[in-house]
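Working notes for the structure below.
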Amino acid sequence: MLRLLSARVGVAALVGLAAGAGGGFALADAIGGSVPGPASKAAALDRRASVATTDSNTAPAPAPETASRPIPARMLGDDVPVPVSPSVLRVRNGWLVSDGETLVAVYAGAAGDEPSVGRVVIVRQNLAAGKQTVRVVDAGFTGALAIAAAPLGRAVETSAQTGTLRLRAGGGGLLTLDLGSERVSHDAHTARLP
Amino acid sequence: MRLLACTVVAAAGVLVSAAVVAATPNPVTAWYMYGGSPSELRSNAYAHGCDFAQGQPGTNMRVLLLDFGAARKLDSSTWGAVDFSNTRFSNADILAALERAADGYHNCHVRGSVDIVYGNSNFHLSSSGMAATDAWWAGYHQSRRSENLADYQASNGYSSQTSDAASDMEPSWESAAVTKQLVSGDQAQGWALYYDFGSADGCPQSGSAGGCNNGWHISDVGYVSYAGLALPLPEIYYTANANQWTVVRKWWNANTHGGYFFLGVTASTGVGLTPASSWTALSSLNNGLVESELACFGC
């Protein structure tokens, strides 16, 4: 990548020269006036390309104290940022819990490219192991899903991570998300409420 | 003058052609930050830096992308982000976490180098009370904190590290007018490359122009991904995404001074394309114009 980016630095500088020369490279009106182009990146790309592969300082830095604060299970409102792109999920709502070591976040809604398909996205983090997983689970043609009932509070910070969430489908029907198996079942009428 | 310009551009083309076409890269982990508290944010960032270093493939520079959530104006003079657990962090808190990520990478460094990136998003900026000017300042301060991190890296002898900024800029989340101010603010401050790891949601999959979701035009996606210090590191989760970003590239090259290239790809597990096939999908449509970065959420 270093060789490629080094070439880009040269290209950026040259294209910038061309733009500076005013040789028919006026920017489109569509983006509204003068916009700094590739030349503006040249210095930053050059800085990036000049980074070494070893540290001049070999002494270890002090590690911070491990801080693992549980997050009681709670619903996430529509003002809370969603990490999942709208191209994957049109979010209706979310739910989050952490016991300080492992974290689970569930986002419910519809598939980004097909609003009739109900979808949940499950984000898990294991901070001790340095692992993060993202799982997309489709429920079929249910319409957008929303989390209708979920374990809440401090008492379930660990147990809820493999528990169940009740989902309401676009047509009003209920489904169950089993976080243990990460599957959605449509026979919600037989599922136990969390 | 026109001849001079054309000659220079032709020379640039030769440079591009001479570049080595990269093989499909190995993915590196990008992180959604769920902090809870400033101390937890620092602790998590340190762990992410160390884990990243221990698992870093190859000897190239790779991007350690830490996504701190949505950019926010916290009070009249404080900018920062609200993370995915709905905790608000000032830029001072975020800088402290980024410094711990730098420490973690240093302590666990095996090979290669790293670009530690302050990531945020354009999620609901206006509805949180931010005006376009506030978004401009958010981008400005984001770049400034990235420069502060670079100062920290330099002063501690972390010569295998540098720092930049990034934003998950999604057309569906905010207007183009406000979102573009993030890029403009970053450019005005002048330090950080600004990696766009968002989507071209709703943009056309063919041709070289058209509209996108939420009133955006393909030119707006071009702006937030390539104007000033912006560089595209787009989410390629489905083949459609690769098609859309190819249209963005074509629009930019046809209507501005050109030169559009991709730093790489942002991928995820659990979606339509595997991380490797995400990169290949974009590269196959933009031959020689996709650098070998492959940041992956969930890898």
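The values are calculated or read from the model by the stated rules, or taken from the named source; none is laboratory data. Computed from a predicted model, the values in this text were never measured in an experiment. No Cβ is skipped: glycine too gets one built from the backbone with ideal geometry, and neighbour counts run over all protein chains shown. Calculation scope for accessible area: heavy atoms of the full protein, side chains included, ligands and nucleic acids excluded. Shrake-Rupley method; radii C 1.70, N 1.55, O 1.52, S 1.80 Å.
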Checklist outcome for this item: Exactly one of B:G119, B:G157 is of a type in the set (G, A, S), more than 10 Å from every other protein chain (Cβ to nearest Cβ) and outside any helix (DSSP H, G or I), and that residue is B:G119
Checklist outcome for this item: By residue number, the members of segment B:196-220 that are open to solvent by 10 Å² or more (accessible area, probe 1.4 Å) and small (G, A, S) are B:G202, B:S206, B:G207, B:S208, B:A209, B:G210, B:G211, B:G215
Checklist entry - Limited to segment B:189-215, what total is found for residues that are touching a helix residue (DSSP H, G or I) at 6+ places or on another chain (Cβ under 6 Å) and either over 24 Å from B:S278 (Cα atoms) or within 9 Å of chain A (Cβ to nearest Cβ) (or both)? => result 8
Next on the checklist: Looking at A:D29, A:D55 in this structure, which one is at pLDDT 95 or above and of a type in the set (D, E, K, R)?
Outcome noted: A:D55
Checklist outcome for this item: Here the residues within segment A:108-141 that are hydroxyl-bearing (S, T, Y) and facing chain B (nearest Cβ under 10 Å) are A:T133
Checklist entry - For the subset of segment B:267-299 comprising residues that are at the interface with chain A (Cβ under 9 Å from one of its Cβ atoms) and of a type in the set (S, T, Y), which member is nearest to A:T133 (Cα to Cα)? => result B:T269
Item to check | Flag if A:T133 is assigned to a strand (DSSP E or B) and closer than 30 Å to B:A240 by Cα | outcome: yes
Item to check | Residue check for B:Q187: touching a Gly at 6+ places or on another chain (Cβ under 6 Å), part of a helix (DSSP H, G or I) and open to solvent by 10 Å² or more (accessible area, probe 1.4 Å) | outcome: yes
Checklist entry - In segment B:103-137, what count of residues is obtained for those that are open to solvent by less than 10 Å² (accessible area, probe 1.4 Å) and charged (D, E, K, R)? => result 2
Item to check | Residue under evaluation A:R166, criteria (1) buried (at least 21 other Cβ atoms within 10 Å of the Cβ); (2) away from chain B (no Cβ under 14 Å), criterion not met | outcome: (1)
Item to check | Residues that are modelled with pLDDT of 95 or more, open to solvent by less than 50 Å² (accessible area, probe 1.4 Å) and facing chain B (nearest Cβ under 7 Å), drawn from segment A:58-79 | outcome: A:A61, A:L76
Next on the checklist: Just checking, does segment B:23-42 include any residue being within 27 Å of B:D186 (Cα to Cα), part of a strand (DSSP E or B) and more than 10 Å from chain A (Cβ to nearest Cβ)?
Outcome noted: yes
Checklist entry - When both residues are 6+ apart or on different chains and their Cβ atoms are under 8 Å apart, which pairs have a first residue that lies in segment B:271-283 and is surrounded by fewer than 20 Cβ atoms within 10 Å (Cβ to Cβ), and a second that is not in a helix (DSSP H, G or I)? => result B:G272/B:Y237; B:G272/B:Y238; B:T274/B:A267; B:A276/B:T24; B:A276/B:P27; B:A276/B:L294; B:T280/B:T24
Checklist entry - Would you pick out the residues in segment A:118-130 that are farther than 17 Å from A:E182 by Cα and open to solvent by 20 Å² or more (accessible area, probe 1.4 Å)? => result A:L127, A:A128, A:A129
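Got a sec? Which of A:P60, A:P70 is touching a residue at least 40 places away in the same chain (Cβ under 8 Å) and over 20 Å from the mean Cα position of the chain (by Cα)? Let's see the steps before the verdict.
Details: A:P60 fails: touching a residue at least 40 places away in the same chain (Cβ under 8 Å).
Exactly one residue qualifies, and that residue is A:P70.
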Checklist entry - Within segment B:221-243, how many residues are open to solvent by 20 Å² or more (accessible area, probe 1.4 Å) and not hydrophobic (A, V, I, L, M, F, W, C)? => result 4
Item to check | segment B:253-270, subset within 25 Å of A:L45 (Cβ to Cβ) and small (G, A, S), residue most open to solvent (accessible area, probe 1.4 Å) | outcome: B:A254
Checklist outcome for this item: Those residues of segment B:49-82 which are part of a loop (DSSP other than H, G, I, E, B) and either open to solvent by 10 Å² or more (accessible area, probe 1.4 Å) or at the interface with chain A (Cβ under 7 Å from one of its Cβ atoms) (or both) amount to B:P57, B:G58, B:T59, B:N60, B:S76, B:S77
